[in-house]
Structures are given as structure tokens and as C-alpha cells.
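See structure below.
Bear in mind these aren't lab numbers, they're just calculated from the coordinates by the rules spelled out. Keep in mind that this is a model prediction, so the values were computed, not measured. With ideal geometry, Cβ positions are generated from the backbone for all residues, glycine too; neighbour counts draw on all protein chains shown.
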Amino acid sequence: MSQHDVYRDRSREIELLQKKNPMMPLYMVVRECLKREIISCRLVPGERFKELELSQACGVSRTTIRNAVDILVRDGLVELSGRSMRVVPLTRAQYTQLHEFRRRIDPIAASLAADRYTKEDLDVMRRFIAECASDDAETFLEADSNFHRAIYAASGNMFLLKAYDQIDPSRRRINYYSVVSISESGLWDFSKDKRDRMRAEHKAIFDAIKRSDTKTAAELSEKHVGSLLFDFDSYNKH
């Protein structure tokens with residue numbers, strides 16, 4: 001895709017987001033557009049860009065770009081370096097730290113969800129479990145993320161949900177990058193057994209929550225996150 005096509009597509013996406021959210025300030029619309037590109041790795045980890053270039057690419061003022069980037073910096077997706085900026089690189093340490101966090105917090109959310117869920121919560125979880133059956137990489141990733149967020153929502157604790165939403169952009173970007181890498185290297189088929197295992201683990205966590213088994217829901221959640229670290233290392237060996 002040429003640079004002209006990239007600019008045109010980005011400007012069109014900003015225009016569509018504006019129409020969908022007419023009350024949203026322009027800098028927030030630009031931030032949402034760039035955030036999507038970063039999470040999907042269309043703006044690749046470590047990529048550098050300048051304020052003027054980004055302003056021209058988005059068809060907005062430099063002040064709008066500056067305001068949008070300020071939020072992306074707080075989101076942990078962009079970092080400033082002198083007069084330029086870059087997409088925050090992805091590292092093994094980030095992956096490890098993210099899953100260290102989830103290995104401690106996911107069990108708490110699952111335990112509370114097992115104690116507090118509503119029928120609507122179960123319906124939402126069922127929907128995302130069904131969507132995880134897809135072998136399309138993007139659909140699978142989206143459903144996986146939404147399933148885990150549904151557990152946090154079912155916990156009835158707004159601080160837990162806020163914590164999940166704070167790490168979710170980094171989580172999605174890491175997962176997307178990992179899956180794109182294994183897809184392009186031919187390892188997506190290799191990983192089918194791991195996707196099947198994840199689906200089975202999702203179902204087991206859901207069943208524990210449904211029967212209000214707080215202890216098992218927590219234990220299965222911790223085991224599920226722990227196995228993801230092993231997956232990262234096993235992919236790197238192929």
C-alpha cells in the first residue's frame with residue numbers, strides 16, 4: 001500500500017469515527033484511530049513518526065495531533081523522544097510483567113464473578129466463548145479478550161474492571177503481534193492445539209463461575225494465565 005493510500009484510509013477512518021461519534025472532540029477521534037492502528041500493529045512496535053507528518057497523514061492540525069498523542073503516551077502506547085515520537089516497542093519483559101499481573105488479578109476477578117454474576121453476565125460470557133470457536137486470528141483474539149473482560153465486569157468491582165481496561169490495549173497489542181507473527185511464519189496451524197486448549201480452559205472457567213465455585217474459578221484462571229507464558233516460549237523455539 002502506497003503512502004497516499006495510507007493517508008487516504010486514515011483520513012476516511014477519522015471521518016467515519018466523527019460521524020459515529022459527533023460529540024467526541026476531534027483529538028479524541030484521532031487518538032482512537034491511532035490507537036486502533038497501534039493495537040493492530042499497522043503502526044508497528046518501535047515505528048517513529050513526527051508531529052508534522054502525522055498531522056498531514058490525518059488531515060488535522062498539529063495541535064490536534066499533540067493532544068491525541070498526549071493521551072496515547074498516558075495509555076502507554078506512544079513514547080516521546082526529543083522532537084519525534086515512536087510506538088512503544090514490545091519486549092519479552094512487557095509480556096512477562098503483563099502476565100504476572102494477570103496471574104494474580106484474574107483469579108480474584110473470577111472468584112468474585114462466581115459469587116456475584118447475573119444471568120446477563122453468563123449470557124455475555126457464552127457469546128464470547130462461542131466466538132472463540134472461530135479459526136480466524138483476529139476474531140479469535142477479539143473474542144478471547146472480550147471473554148476475560150466479561151469476567152472482570154461480572155466481578156461487580158469497578159476498580160478491577162478499570163484495571164483490566166488499563167492493561168487491555170497492551171494486552172491486545174501483544175496478542176495481536178504474537179498471532180500475526182505465528183500466522184506469517186506458518187505456525188498458526190501449529191498453534192491449533194493451544195487454541196483448542198484455551199477454548200477448553202475458557203469453558204471450564206465459565207462452568208466454575210456458573211456453579212458459583214469460587215475456589216475452582218480462581219484456580220483455573222491462575223492456571224490459564226500461567227500456561228500462556230509457556231506458550232510464548234514454545235512459539236519462540238519454532
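Computed over the Cα atoms of region 3-87, pair by distinct pair, the Kirkwood hydrodynamic radius stands at 12.7 angstrom. Could you give the Stokes-Einstein D for region 130-178 in µm² per second, using the C-alpha Kirkwood radius, 25 °C, 0.890 mPa s? So the translational diffusion coefficient is about 217 µm²/s. Under a model in which nothing but the beta-carbon of Lys, Arg (+1) and Asp, Glu (-1) is charged, the chain shows a dipole of about 500 debye around its Cα centre. Every helix of 4 or more DSSP H residues in the chain counts as -39500 (n - 2.57), and over all residues that averages to -25500 deg cm²/dmol at 222 nm. Sort out the exposed loop trypsin sites (Lys or Arg not before Pro) in the chain (DSSP loop, at most 16 other Cβ within 10 Å) and tell me the longest stretch that has none. Longest run free of exposed loop sites: 84-210. In straight-distance terms, cross-link reach from K194 covers every one of the aspartates and glutamates whose alpha-carbon lies under 18 Å from its own, apart from those fewer than eight places away in the same chain; here that gives E131, D135, D136, E138, E142, D144, E184, E222, D231, D233. With the gyration tensor restricted to C-alpha atoms of the chain, the semi-axes of the equivalent ellipsoid amount to 34, 21, 17 Å, longest first. Projecting the Cα atoms of A200, P107, P25 onto the dipole axis of the chain, where Lys and Arg carry +1 and Asp and Glu carry -1 at the beta carbon, places P25 farthest toward the positive end.
The mean sequence distance of close C-alpha pairs (under 8 Å, at least 6 residues apart), as a share of the length of the chain, puts its relative contact order at 22 percent. Distances between placed amide hydrogens fall under 5 Å for L43 paired with I38, all partners being 5 or more residues away or on another chain. Using a cutoff of 8 angstrom between alpha carbon atoms and counting only pairs six or more residues apart, the relative contact order for region 110-176 works out to 39 percent. Pairs exceeding 32 Å between alpha-carbon atoms, taken from K19/K119; K20/K119; K19/K50: K19/K119.
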